[in-house]
1. Determine the pairs where a residue that is in the same structural domain as SER89 (by TED's automatic domain parsing) and free of Cβ contacts under 8 Å to residues at least 40 places away in the same chain, located within segment 47-72, has a partner that is among the aromatic types (Phe, Trp, Tyr) and in a strand (DSSP E or B) with Cβ atoms under 9 Å apart, the partner being 6 or more residues away or on another chain.
2. Which ones in segment 59-105 are within 34 Å of the chain's Cα centre (by Cα), of a type outside the set (S, T, N, Q) and not in a helix (DSSP H, G or I)?
3. Do the conditions hold for THR56, that is, is it farther than 20 Å from GLU214 by Cβ and part of a helix (DSSP H, G or I)?
4. In segment 150-184, which residue that is exposed (fewer than 13 other Cβ atoms within 10 Å of the Cβ) and of a type in the set (S, T, N, Q) is modelled with the lowest pLDDT?
Amino acid sequence: MKKTILILMTFIATMTQAQEQKQIPQVSVSGEGKVMVKPDHIVINFGVENTGKDATEVKKLNDETVDKVVKFVKKFGIPTSDFQTTSVSLNRNYDYEKKKYNYQASQTISITLKDITKYDALMMGLVDNGINNISDVEFKSSKIEEYKSEARKLAMKDAKRKAEDYVSVLNQKIGKAILITDNSQSFYAPPVMYKADMMVAEAGAPRETLAVGEIEVSANVSVSFILD
């Protein structure tokens, strides 16, 4: 008798679960939102490199240049909180052609420039003070989180509009959303890469080397709506 009751309860539970898993009429769509933003600050990553036969001499040359650069940056008016050393290295390398060892000293520094109009003056000053490698220039916005939120709202509106378009020809309406998936990926402005000697302009030539443009902040979502 107990066995019969157990089987019956298992059967009822199975039927209940099957009913719960019954497919709900729904429509699934994707939505995209984009916001174009003018950047309000720039992050510049640059470095100083020296190569030679003697490790001590190479490091000394590098340190002297870095000292000049740091003093220039401070004099330029960049707050100490807006620049920092990101890496320091001294490597011993083997030259297979000359069959000799040499040493390479390098140091990289990152600067956050909050006044974009001073970009050209800063870059030329850095070059004049001895930097020989600019790895990248990244455009950013201090209100990026606000723009991301705006892009997400636009993406949801786009998804709802698409769903309404699909069901309108069926004389149906969409109900509440039962599943929302964020498919957004972080956006990184493409770095501008070049050697420092490319910054040197002809004497008397106007220096307008920066095209600021706009940052694209985007969001992408997948939404499933119940069909009414």
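The values are calculated or read from the model by the stated rules, or taken from the named source; none is laboratory data. Just so it is clear, the model here is predicted, and its values are computed rather than measured. Glycine gets a Cβ as well: all are built from the backbone with ideal geometry, and neighbour counts include every protein chain shown.
1. Hits for this filter: THR56/TYR103; GLU57/TYR103; VAL70/PHE83.
2. Those that are within 34 Å of the chain's Cα centre (by Cα), of a type outside the set (S, T, N, Q) and not in a helix (DSSP H, G or I): GLY77, ILE78, PRO79, PHE83, VAL88, LEU90, ARG92, TYR103, ALA105.
3. In short, yes.
4. Among residues in segment 150-184 that are exposed (fewer than 13 other Cβ atoms within 10 Å of the Cβ) and of a type in the set (S, T, N, Q), the one modelled with the lowest pLDDT is ASN171.
Results for (1) within 30 Å of VAL29 (Cβ to Cβ); (2) touching a Leu at 6+ places or on another chain (Cβ under 9 Å), shown as yes or no for each residue.
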site: SER81; (1), (2): no, no
site: ASN91; (1), (2): no, no
site: LEU113; (1), (2): no, yes
site: MET123; (1), (2): no, yes
site: LYS140; (1), (2): no, no
site: ARG161; (1), (2): yes, no
site: ASP165; (1), (2): yes, no
site: ILE180; (1), (2): yes, no
